[in-house]
Amino acid sequence: MLVSIYLWKELDHFKEAIENLRKEFPEVDIKTYFTKDEKDYKNSDVILAVDMTIEEAKKATNMKAIFVPYTGLDEFPQKYLKERKIKIYHSYAKSKYVAERALTLALGIMGKVTEYDKDMRKGNWGPRTGNKNRWETLFDKRCALLGIGHIGQNITALLKPFTSEIYTLDRGKSYPGVKKYFKTIEELAENCDVFFVSLPLNENTEEIIDKKILDKLKGKYLINVGRGKTIEEKALYESLKNKKLKGAGIEVWYDYPDRIKKECFPSKYPFQELENIIMSPHIATFVKEDVWIYFDDIMEQLKSYIKKELENK
């Protein structure tokens, strides 16, 4: 069995974990790569990687399983991998932190936290002197969850002290803390005050929230901690600009910096000029306390997989 591990950079934590893997499975050929130019998937039976193009996947003719040290799979050709019946393993280890970020954004935009902060720095005391509208509480609000996986269920748990009015789509299954289930996204959007999105990005979810859905959210709050492209970019901007949406807390975006472009705005539309939005740079998983939890979790999953494969030989 050839296991190929492709990571962002060569760090001591990675090196130690991989060396321990080699010691535990001396009969397994484990190769490691730490730059994007070193990719060679051709003979790999198992691959651990942070991204993969469809062209790269096609070269991996022996691949039986792929391990991803993240929750999201949008950097991988999901449809193609499923067609080939390749097993995909990924980590939900930081779901609770993404849920915490969602709650933070909701409390921040509804509580006008950043707005009041900016005013105070100018000597403006906002509603105390009649210059600003009052903030809104999350208590007893109707909260809709579009996406009720690991992140959505953690959001539900965090919302429990604030409200019992928690809704999601009817998927033929009940979830702890959810009070009502609706058949369509339109109905879900109509019957809420705060709309939480924690969807993964794939062919079924891309731009699933379009102008029609955003119009149903008129006068309401939108929080997105899933993937930016699940919401139609232009429609979101115009809904906020025209004040149809009361406000939004957005963690995930459309444009990102890279190794060459170190700084950039997160969209071709000037969201940064709007007052009714809190913008977060997709850092919900960048917690100080659990830096390596994704990697450690996926390595444990990889160990279990190797054990089973060796036992079945």
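The values are calculated or read from the model by the stated rules, or taken from the named source; none is laboratory data. This is a predicted model, so every value here is computed, not measured. Reconstructed Cβ throughout: ideal geometry from the backbone, glycine too, with neighbour counts over all protein chains shown. The protein model used for the area step is the full one, side chains on, heavy atoms only, and it has no ligands, DNA or RNA in it. Shrake-Rupley method; radii C 1.70, N 1.55, O 1.52, S 1.80 Å.
Structure data summary
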read-out	value
Assigned charges on the beta-carbon of Lys, Arg, Asp, Glu; the chain dipole about Cα centre (debye)	840 debye
Selected from Tyr256, Val287, Met299, residue furthest toward positive end of dipole (the stretch 241-313; charges at beta carbon)	Tyr256
Members of Lys39/Lys96; Lys9/Lys261; Lys9/Lys160; Lys132/Lys261 lying beyond 29 Å, as alpha-carbon distances in this model show	Lys39/Lys96; Lys9/Lys160; Lys132/Lys261
Sequence-separation-based contact order of the stretch 169-313, relative, with Cα cut under 8 Å and 6+ spacing, percent	16 percent
Protection-proxy order for peptides 86-94, 164-172, each taking the mean of Cβ atoms within 10 Å per residue, highest first	86-94, 164-172
Heavy atoms of Lys15: accessible area, 1.4 Å probe, square angstrom to 10	90 Å²
The stretch 89-167, relative contact order [Cα under 8 Å, separation at least 6], %	37 percent
Mean ellipticity per residue at 222 nm, deg cm²/dmol - from DSSP H runs of n ≥ 4 across the chain, formula -39500 (n - 2.57)	-9500 deg cm²/dmol
Spacing of the two label points (7 Å from each Cα toward its C-beta) at Glu289 and Tyr33, in nm	3.7 nm
Distance (nanometres) between label positions extended 7 Å along Cα→Cβ at Lys241 and Asp51	2.9 nm
Translational diffusion coefficient (Stokes-Einstein; Kirkwood radius from C-alpha pairs) of the stretch 169-297 at 4 °C, 1.567 mPa s, in µm²/s	81 µm²/s
Relative contact order for the chain, counting Cα pairs under 8 Å that sit 6 or more residues apart, in percent	14 percent
Qualifying chymotrypsin sites (Phe, Trp or Tyr not before Pro) in the stretch 220-297, DSSP loop, other Cβ atoms within 10 Å at most 15	Phe286, Trp292
Low-density loop cleavage sites - GluC sites (Glu not before Pro) in the stretch 204-308, where at most 11 other Cβ are within 10 Å (DSSP)	Glu263, Glu275, Glu289
Ranked by how many other beta carbons lie within 10 Å on average, peptides 67-76, 19-28 from highest	67-76, 19-28
Counting all C-alpha pairs of the stretch 136-217, share separated by more than 14 Å (%)	61 percent
Semi-axis lengths, Å, the stretch 21-78, gyration tensor of Cα atoms, sqrt of 5 times eigenvalues	20, 14, 12
When each of Lys173/Lys229; Lys59/Lys313; Lys112/Lys220 is checked by Cα-Cα distance, pairs over 20 Å	Lys173/Lys229; Lys59/Lys313
Cα-based shape type of the stretch 158-198, given that a ≥ b ≥ c are square roots of the gyration tensor eigenvalues and the cut on a/c is 1.5	oblate
Calculated on alpha-carbon atoms, Rg and Dmax of the chain in Å	22.0, 75
Mean Cβ count within 10 Å, highest first, over the residues of peptides 155-163, 128-136, 101-109	101-109, 155-163, 128-136
Full-extension gain in nm, Tyr92 to Arg134, via 0.36 nm per residue minus C-alpha separation	11.4 nm
Net charge of neighbours whose Cβ lies under 14 Å from the Cβ of Leu199, counting Lys and Arg as +1 and Asp and Glu as -1	-4
Under 11 Å, Cβ to Cβ, from Tyr89 - net charge with Lys/Arg +1 and Asp/Glu -1	-1
